[in-house]
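Q: Okay, here's the structure, questions in a sec.
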Amino acid sequence: MNKTTLRKKIRTQRRELSLEQQQQAAIDLASNLKTSRFLRRHKRIACYLASDGEIETWPIIETLWSLKKQVYLPVISHFPWAPLWFAPFNPDSNMIFNRFGIAEPDVRPDKRITAHGLDLVFLPLVAFDLAGNRIGMGQGYYDRSLQFIKQRKYWRSPLLTGLAHDFQSINKIDSEKWDVPLRYAITDKRFIDFA
């Protein structure tokens, strides 16, 4: 199955989940994250606001705030070398909508950081395989913003962690030279370390 067909199939499958199924999956994923002790060593953490049937991230964001972590959300930039910047996000952040209708923190440009300054990035995805390859929405925002990781001999941070419903796991994804692999994936059923 090619990526376009696979993307369409899984996006449809996500959107067909009932509200109760979505809520339970989000709670189960957050529980998998909490019990893993994964968050203890990370301070600056990027997440995202779910859309298009993506697994809901609010339970994770609220957990991060309760643990006094610095939470960031992606903001689309106009720079081709870093199409995503990350803006601080807290409960009283003012929000605006980007061209895709996704809310972003409304902060001055000098308050935004690139992925270089993050310890951990939770990424959205459409599908992933057990080698850590992922298929996103097809725009390449994360891959282009994280290309610097591929230049490093030793990759320490940010740690790239995909969040997904467990059914978004597939056997194999043919990776492209510009794809940046995940280090971890967390689903409503399991925590996966690709190392």
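The values are calculated or read from the model by the stated rules, or taken from the named source; none is laboratory data. Model, not experiment: these values are computed from the prediction. FYI the Cβ positions are ideal-geometry reconstructions off the backbone, even for glycines, and counts take in every protein chain you see. To get the accessible areas, we keep the full protein, side chains included, count just its heavy atoms, and leave off ligands, DNA and RNA. Shrake-Rupley method; radii C 1.70, N 1.55, O 1.52, S 1.80 Å.
Q: In Å², and per residue, what accessible area does region 65-165 have when probed at 1.4 Å with the other protein chains present?
A: Values: 5100 Å² over 101 residues.
Each residue of region 65-165 exposes 51 Å² on average to a 1.4 Å probe.
Q: Cα to Cα, under 20 Å, and not fewer than 8 places away if on the same chain: which lysines meet these conditions relative to Lys8?
A: Within the straight-line limit of under 20 Å, Lys8 reaches these lysines: Lys172.
Q: What helices does the chain hold that run 15 Å or longer along their axis, going by alpha-carbon atoms, with a Kyte-Doolittle average of -1.0 or more, using DSSP H for the helix calls?
A: Result, helices passing both filters: 19-35.
Q: Cross-link partners among lysines for Lys43, C-alpha distance below 20 Å, same-chain residues fewer than 8 apart left out?
A: Lys34, Lys68, Lys69, Lys111
Q: Which lysines does Lys177 reach when only Cα atoms under 21 Å apart count, and residues fewer than 8 places away in its own chain are ignored?
A: Qualifying lysines at Cα under 21 Å: Lys3, Lys150, Lys153.
Q: Continuing with this model, one more query. List the chymotrypsin sites (Phe, Trp or Tyr not before Pro) in region 145-195 that DSSP assigns to loop (not H, G, I, E or B) and whose Cβ has at most 12 other Cβ atoms within 10 Å. Which are they? It would help to have the intermediate numbers written out before the result.
A: Working: sites: Phe148, Tyr154, Trp155, Phe167, Trp178, Tyr184, Phe191, Phe194; in loops: Tyr154, Trp155, Trp178, Phe194.
Here the sparse-neighbourhood loop sites are Tyr154, Trp178.
Q: What is the packing order of peptides 89-102, 10-23, taking the mean over residues of other C-beta atoms within 10 Å and listing the highest first? Kindly include the intermediate steps, with their values, before the conclusion.
A: Details: 89-102: 11.0, 10-23: 13.2.
The peptides rank, most packed first, as 10-23, 89-102.
Q: Among DSSP bridges having both ends in region 72-185, what percentage is antiparallel? Round to the nearest 5. Don't skip to the answer; put the middle values down first.
A: Numbers: 11 of 18 bridges.
Here the share of antiparallel DSSP bridges comes out near 60 percent.
Q: For all pairs of alpha-carbon atoms in the chain, what percent lies in each bin of width 10 Å, listed from the first bin to the last filled one?
A: Each 10 Å bin holds this share of Cα pairs: 9, 37, 41, 13, 0.
Q: For region 25-116, what D do you get in µm² per second when you plug the Kirkwood radius from alpha-carbon pairs into Stokes-Einstein at 20 °C and 1.002 mPa s?
A: Numbers: Rh = 14.1 Å.
Estimated via Stokes-Einstein, D reaches 152 µm²/s.
Q: Another question about this same structure. Provide the gained length on full extension for the span Met1 to Gln21, in nm with one decimal, where the gain is 0.36 nm per separating residue minus the Cα-Cα distance. If you can, show how the numbers build up before the last one.
A: Values: separation 20, 0.36 × 20 = 7.20 nm, distance 2.65 nm.
This chain segment gains 4.5 nm when fully extended.
Q: Can I ask one more? Could you tell me what percent of the accessible area of the chain is made up of carbon and sulfur, with a 1.4 Å probe and every protein chain present?
A: Values: 5380 of 10540 Å².
After summing per-atom areas, the C and S share lands at 51 percent.
Q: At a Förster distance of 25 Å, what's the computed FRET efficiency of Asn98 paired with Arg40, Cβ-Cβ distance as r, to 0.05? Working shown, then result.
A: Numbers: r = 32 Å, r/R0 = 1.28.
Calculated transfer efficiency: 0.20.
Q: Using alpha-carbon pairs under 8 Å, 6+ residues apart, how would you state the relative contact order of region 120-190 in percent? Write down the numbers at each step before the final one.
A: Values: 115 pairs, mean separation 31.6, N = 71.
Over region 120-190, the number comes to 45 percent.
Q: Within a Cβ distance under 11 Å of Gln70, other residues only, what is the Lys/Arg minus Asp/Glu net charge?
A: Residues near Gln70 contribute +3 overall.
Q: Kirkwood hydrodynamic radius of region 92-148 from all distinct Cα pairs, in Å? Could you put the intermediate results ahead of the total?
A: Values: mean 1/r = 0.0731 Å⁻¹.
That comes to 13.7 Å for region 92-148.
Q: Semi-axes of the equivalent ellipsoid for region 85-181, please: Cα gyration tensor eigenvalues, times 5, square-rooted, ordered largest first, whole Å. Let's see the in-between values first.
A: On the way: eigenvalues 129, 61, 29 Å².
Taking √(5λ) for each eigenvalue gives 25, 17, 12 Å, largest first.
Q: Quick one, what does Rg over Rh come out to for region 17-61 if you take C-alpha atoms and the Kirkwood Rh? Kindly include the intermediate steps, with their values, before the conclusion.
A: Details: Rg = 11.5 Å, Rh = 11.4 Å.
Across region 17-61, the Cα-based Rg/Rh ratio is 1.00.
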